[in-house]
1. Given the conditions (1) in contact (Cβ under 8 Å) with a residue 24 or more places away in the chain; (2) over 21 Å from residue 215 (Cα atoms), and given that residue 92 satisfies all but one, which numbered condition is not satisfied?
2. Just one of (1) farther than 27 Å from residue 148 by Cα; (2) without any contact (Cβ under 8 Å) to a residue 24 or more places away in the chain trips up residue 200, so point out which.
3. Looking at the stretch 147-156, can you tell me whether even one residue there is in a helix (DSSP H, G or I) and modelled with pLDDT under 95?
4. Can you report the number of residues in the stretch 16-31 which are at pLDDT 95 or above and surrounded by 16 or more Cβ atoms within 10 Å (Cβ to Cβ)?
5. Hey, can you tell me all the residues within the stretch 178-228 that are surrounded by fewer than 21 Cβ atoms within 10 Å (Cβ to Cβ), of a type in the set (Val, Ile, Thr) and touching a strand residue (DSSP E or B) at 6+ places or on another chain (Cβ under 9 Å)?
6. From the residues in the stretch 170-193 that are closer than 20 Å to residue 144 by Cβ and either in contact with a Phe, Trp or Tyr (Cβ under 7 Å, 6 or more places away or on another chain) or part of a helix (DSSP H, G or I) (or both), which one is modelled with the highest pLDDT?
Amino acid sequence: MNTTAELEAASYATWSADESDVVGGWHVTATAGVTRRINSARAIGAATVDDATLHLLTDWFRGHDLPLVIRETPLMAPGTSEAVRDRWGFEALDETHIMTNATGEGGPQEVQIVPVNDRGFQYELAGLNHRSEADAATTHRIYDRVGDRSVGLWIPGKGTAVAVRDGDLAAIFAVAVSPENRRTRIATRLMEAASAWAAKQGAQELFVQVLRTNRPAIELYEGLGFTERYRYRYLRPQPVRGTA
């Protein structure tokens, strides 16, 4: 079973940023605002939490037309996490579960395995995941970076998913089913096909990331044998309150 650090590394290797840097001990990434994970700051261990660093981080993200958001994971030192909340006054946005499962064999015959940047697949993927044209172009760059380590899982007109391998781990992203085909086991078949593909590529463990509030997805993954490994959350500056 892979460690939290290995899962975290794989999450950035399979869904990578356009630009990254280190500011005051913080790892920062920017990717045209597409998904918070690669448009946020994170600490591995301890990082500086003072006014000067806050200004540096704010300026870095402002330079990329992004707000400052901190990604708080189990790899962040507790003292750093507490200081972000207490000294900087940040508040939690939401919470995400990382869930894992062993890869499997077989896979439904109806699921097409296509290159992740196949034009027809990408068109349907963008539509089902409600991506704008600009966001779709950004995700295209992300998928270009993983090349032949990725694959599209597709039941045309019904559902899409993406699997990306990183060593003995494989990530599953963008599982989406058309409204008229929900509750018909389409998502289950996509997941089973992704698991079988990953096993053939040499991956031993799958991981998914799902919002704590998305109970139907969590229940789907639990039904397929996934278990929670850890959680992370996003922190942001508290909004300025108006005065009476």
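The values are calculated or read from the model by the stated rules, or taken from the named source; none is laboratory data. What you see is a predicted model, and the numbers here were worked out from it, not measured in a lab. Note that each Cβ is placed from the backbone with ideal geometry, even for glycine, and that neighbours are counted across all protein chains shown.
1. Checking residue 92 against (1) in contact (Cβ under 8 Å) with a residue 24 or more places away in the chain; (2) over 21 Å from residue 215 (Cα atoms), the one that fails is (2).
2. Failing condition for residue 200: (1).
3. Here is the first cut: in the stretch 147-156, the residues in a helix (DSSP H, G or I) are 147-149.
If we keep only those that are modelled with pLDDT under 95 as well, we get 147-148.
Yes: the stretch 147-156 contains one or more residues that are in a helix (DSSP H, G or I) and modelled with pLDDT under 95.
4. Selection size over the stretch 16-31: 10.
5. 184, 210, 213, 218, 227, listed by residue number.
6. In the first step, residues of the stretch 170-193 are kept if they are closer than 20 Å to residue 144 by Cβ; the result is 170-174.
Next, only the ones that are either in contact with a Phe, Trp or Tyr (Cβ under 7 Å, 6 or more places away or on another chain) or part of a helix (DSSP H, G or I) (or both) stay: 171, 173.
Numbers: 171: 98, 173: 94.
This residue is 171.
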